[in-house]
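Working notes, beginning with the structure itself.
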Amino acid sequence: MTSHVYTLHSTLELPLEDVHSHFESADLPVEIDEVEITRRNNTLILSAVAAEDNISKYTPTAQLKASVSENRVYLDEEEEEDSFGTSPSPSGPQWGAFGQQEEEEERPSELVEYACFKGDRETVLQNTALQYPMFEVLCDLARNAEKGNLTAITAVNGQLEATRIVDGEDRPATIEVREDPHDSSASNGVDWRNNEFIG
């Protein structure tokens, strides 16, 4: 029985360098031989390469898609924080504070490229062949991401499962069945065809 990804939503952000280093030692699902990483302008594509020859070379395998953006990272942020994780601030008035502000504005920084896996299933996880194993790859990436969430509903051996990973940690998740709001609102809408005020 095959596994299937029904819904998926991701807001994951990882440094591009971390994505590349992750696959140098990643334990891939048995169905995937390797993950090919290609970049086209500001788009990063991670494509699954099947471990067995039962998939035609003309069949598009599952791929993860991310946009690449640059974020400025300040190099001295960790040094400024004390053991409680807060930046030390002097108490009382500081008469020479203007000169200190200029120094703070010129803190050393660098531009870091981030891979942003953001969107729903069709945006982030594409193609059907090897879709669930590639979803497992995405979950591994999510557990290494310091920022962002991944939520999904999947079917594994006929059983529905909920997945929720927040800021690199697995969190409890449940599946709720709700009434479709479109069904209830349809009867309350305006019937434009039989409206006496429209000639």
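Of the chymotrypsin sites (Phe, Trp or Tyr not before Pro) in the stretch 6-72, which ones lie in a loop per DSSP and count no more than 11 other C-beta atoms within 10 Å?
Tyr58
Sorted by accessible area (1.4 Å probe), largest first, how do Arg121, Arg178, Arg40 line up?
Arg178, Arg40, Arg121
The values are calculated or read from the model by the stated rules, or taken from the named source; none is laboratory data. Here the structure is a predicted model, which is why all the values come from computation and not from measurement. All Cβ positions, glycine included, derive from the backbone under ideal geometry; neighbour counts span all protein chains shown. Remember, those area values only see protein heavy atoms, side chains included, never the ligands or the DNA or RNA. Shrake-Rupley method; radii C 1.70, N 1.55, O 1.52, S 1.80 Å.
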